[in-house]
1. In nm, give the distance between the simple-model label positions of Ile47 and Leu167, each being 7 Å from the Cα along the Cα-to-Cβ direction.
2. Can you give me the long-range amide H partners of Asn120? Hydrogens built in the peptide plane at 1.01 Å from N, cutoff under 5 Å, separation of 5 or more residues or another chain.
3. Per 0.36 nm of contour for each residue apart, how much would the distance between Phe8 and Lys108 grow if the chain were fully extended, relative to their Cα-Cα spacing?
4. Is the shape of region 110-196 best called rounded, prolate or oblate, per the rule: a/c under 1.5 gives rounded, else a/b larger than b/c gives prolate, else oblate, with a ≥ b ≥ c the square roots of the Cα gyration tensor eigenvalues?
5. Can you list the lysines whose alpha carbon is less than 24 Å from that of Lys26, not counting same-chain residues fewer than 8 positions off?
6. Give me a comma-separated list of calculated 3J(HN,Hα) values for region 38-45, in order, Karplus coefficients 6.51, -1.76, 1.60 applied at θ = phi - 60°, integers in Hz, x for any Gly or Pro.
7. Can you compute the modelled spin-label distance between Leu130 and Met1, with each label point 7 Å from Cα toward Cβ, in nm?
8. Please arrange Thr117, Thr127, Thr143, Thr168 by how many other C-beta atoms lie within 10 Å of their C-beta, fewest to most.
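None of the figures in this text is laboratory data; all of them are computed from the coordinates on show. Keep in mind that what you see is a predicted model, and the values were worked out from it rather than measured. Heads up, the Cβs are rebuilt from the backbone with ideal geometry, glycines too, and the neighbour counts pull from every protein chain shown.
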Amino acid sequence: MAFFSGLFLGLSLIFAIGAQNAFILKQGLRKEYVFTLCLICAISDAILISIGVFGFSMLTTQLPSIEPIARYGGAIFLLYYGAKSFWAAFKSNAVINLDSLSKTPFTKAILMCLAFTWLNPHVYLDTMMLLGSISTQYPYAKTQFALGATFASFIFFFSLGYGARLLTPLFQQPQSWKILDGIIGVLMWLIAYSLL
């Protein structure tokens, strides 16, 4: 019971399109480092879920300054990345071929993935505070609840990363990339606005 509660709650929270999901989708379309990036996202979620389920309330009591630092740092990062996405949407009219796109350096892709994951205050609210507080309903089954929510993250990120390849024909049109970059830009700025 606790496992499936964690699983379904985890899936419902993670389905909301966010900066991290948009980044994984784009990397999946480009077929760049999909396994590594999905693994980073899922393991990061597992760490945050574990902290939330097994002790986040103690951390916020001892360090109340964590929340505003995470919120404003995340907003600045999202504003910057949103601006980059708008620039990408408007800078080129050339036909974009997935095979001819310059490859993102591995280190840069990893750092971007970590930034989207760890600088996003919503991830702390969802994985640590919300899941952490709901897990109190299962005082003798917290481990099962945490495993269910963690399993949801693994299912979601790997499905998103590898499922993006099914959309490859659509994204061989230049307008599709422009629209995706524009949507990502709007999304980043809306999330940043909600944090400020």
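1. In this crude label model, Ile47 to Leu167 measures out at 2.7 nm.
2. Placed amide hydrogens put nothing under 5 Å from Asn120.
3. 32.7 nm
4. Here region 110-196 falls in the oblate category.
5. Lys84, Lys91, Lys103, Lys108, Lys178
6. 5, 5, 4, 4, 5, 5, 4, 4
7. Reported label-point gap for Leu130 and Met1 is 2.3 nm.
8. So the residues, fewest neighbours to most, are Thr168, Thr143, Thr117, Thr127.
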